[in-house]
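Below you'll find the structure, written out as structure tokens, and then a few comments.
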Amino acid sequence: MKIIIYLYNGITMLDAVGPYEVLRNMSGAELYFVAEKKGKITTDSGLIDIDVKYSINEIKDADILLIPGSTIAFLKEMEKENVLEWIRGVDETTKWTTSVCTGSILLASAGLLEGLKATSHWKAITLLRKYGIIPTRERIVEQGKYITAAGVSAGIDMSLYLANKLVGEDETKAIQLTIEYDPQPLYDSGDYSKTSEKIIKISEKKLTKDAVKGLGLLGVVKRTKNIIRMMK
């Protein structure tokens, strides 16, 4: 089972590595980290680099395609027609095309989710409307062969959801035990609909700080700042 996880400068680390830890434990899984170009990819924190061994020119088909998200870097990827064309091409070969967080907006910009329901990070989810998609504030949304997950940690849940379809209940439970995924958060504040306005505003400040940092780090074109304002 060939699984591609697309990486790009500025990705949120857990968006990619959370699903990776689940999917790599499935029987028969062959995982590939693929980037626009081979070499170093830097995550959104600027603290972690990943050495990607495959480029989009080398791997063009998969059983599963996963697009992780980012705080702001997805905007730059949306400007790359060669990347969008590659996503569309791989999608033609997949059994499942999936995303985590703002990765769904990358799928949307490639024209793959039009007319469907999809989810994303709560801060960016309204951007999906721009592409004729129905934003849905759910942790996991399945529409045909497309599965989108909400922000960051939701990628783990989405990958377990997908694993259950592919390898069944017993193996999925075993994978969950293997990674000892038994979340017991201190506070019930991880869902936008359950969180107070005060906490949302604090979170928005953190996201805005990360976005501004990302703009400087990546040199994203000036007009993307208008999109940031749309997300407020």
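The values are calculated or read from the model by the stated rules, or taken from the named source; none is laboratory data. For clarity, every value in this text was computed on a predicted model and none was experimentally measured. As a convention, Cβ positions derive from the backbone with ideal geometry for all residues, glycine included, and neighbour counts pool all protein chains shown.
What to note about this one:
- Here segment 22-35 is the region considered, the condition is being in contact (Cβ under 8 Å) with a residue 60 or more places away in the chain and within 18 Å of L65 (Cβ to Cβ), and the residue that is surrounded by the most Cβ atoms within 10 Å (Cβ to Cβ) is V22.
- Residues satisfying the stated conditions in segment 170-209, i.e. in contact with an Asp or Glu (Cβ under 7 Å, 6 or more places away or on another chain) and modelled with pLDDT of 95 or more: I179
- Candidates K145, K173 - the one that is touching a residue at least 12 places away in the same chain (Cβ under 8 Å), charged (D, E, K, R) and within 24 Å of G28 (Cα to Cα): K145
- Test set (1) on the phi > 0 side of the Ramachandran plot; (2) assigned to a helix (DSSP H, G or I); (3) not aromatic (F, W, Y) - G115 fails condition number: (2)
- Cross-chain or 6+ apart pairs with Cβ under 7 Å, segment 89-109 first and surrounded by fewer than 21 Cβ atoms within 10 Å (Cβ to Cβ), then assigned to a helix (DSSP H, G or I): W96/L162
- Qualifying residue in segment 45-67 (condition: hydrophobic (A, V, I, L, M, F, W, C), surrounded by fewer than 21 Cβ atoms within 10 Å (Cβ to Cβ), in contact with a Phe, Trp or Tyr (Cβ under 9 Å, 6 or more places away or on another chain) and under 24 Å from A110 (Cα atoms)): yes
- Exactly one residue among K38, K80 is surrounded by 15 or more Cβ atoms within 10 Å (Cβ to Cβ) and in contact (Cβ under 8 Å) with a residue 40 or more places away in the chain, and that residue is K80.
- So Y6, is it closer than 24 Å to A108 by Cβ and surrounded by fewer than 19 Cβ atoms within 10 Å (Cβ to Cβ): no
- Criterion: exposed (fewer than 10 other Cβ atoms within 10 Å of the Cβ), polar (S, T, N, Q), free of Cβ contacts under 8 Å to residues at least 40 places away in the same chain and farther than 25 Å from T98 by Cβ - qualifying residue of S189, S196: S196
- Number of positions in segment 17-49 that are modelled with pLDDT of 95 or more, in contact with a helix residue (DSSP H, G or I) (Cβ under 8 Å, 6 or more places away or on another chain) and of a type in the set (A, V, I, L, M): 5
Condition check ((1) under 30 Å from K201 (Cβ atoms); (2) of a type in the set (G, A, S)) across all residues:
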| position | (1), (2) |
| --- | --- |
| G46 | yes, yes |
| K60 | no, no |
| I67 | yes, no |
| I72 | yes, no |
| K76 | yes, no |
| K117 | yes, no |
